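First the structure, in the form of structure tokens, and then the observations on it.
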Amino acid sequence: MISNFRANIPRPASGAIAMAAITAILVVDALAPANAATSARMFSSPDYLGQPVAFCLDGDRGCGKPAATVWCQRNGYQTALSYARRSPAAGTELRFADTGNICTSGNCISFSQIRCLKQAN
């Protein structure tokens, strides 16, 4: 009896399935320009002038997102979406993203990654 029930279920024609797939693609394509207008990129071990980027701006101001955003802007992006920090190995020279100066204090930390956002104009 169950097999008879399943046998009587109408199945869509293959043309109907194809039409549904095409409609779904068209809807996604219509939404794509809004998504294509922005892009994000993750940078591992970001550097500036060949050295790791300091976690703060020069003068220990603007730590974290402000320093990451300056670095993103120097690389053609508008803002930092996220970031992570790490303690560099002893003796590693770090550069401030805003001035390019070397961080000389004994407690400089760096970014292990920065994720930047770019919006199309």
Net charge near residue 52 (other residues with Cβ under 12 Å of its Cβ; Lys, Arg +1; Asp, Glu -1) is +1
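Å³ per residue of the Cα convex hull, for region 39-119?
Working: hull volume 5.9 nm³, N = 81.
Once divided by residue count, the hull of region 39-119 is 73 Å³.
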Taking Lys and Arg as +1 and Asp and Glu as -1, residues besides residue 81 with C-beta under 12 Å from its C-beta add up to +4
Note, residue 98: beta-carbon cut-off 14 Å, +1 each Lys/Arg, -1 each Asp/Glu, net +2
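Rule-based calculations on the coordinates, nothing more; no lab input. In this text, all values refer to a predicted model and were calculated from it rather than measured experimentally. Cβ atoms come from the backbone with ideal geometry, glycine included; neighbour counts cover every protein chain shown.
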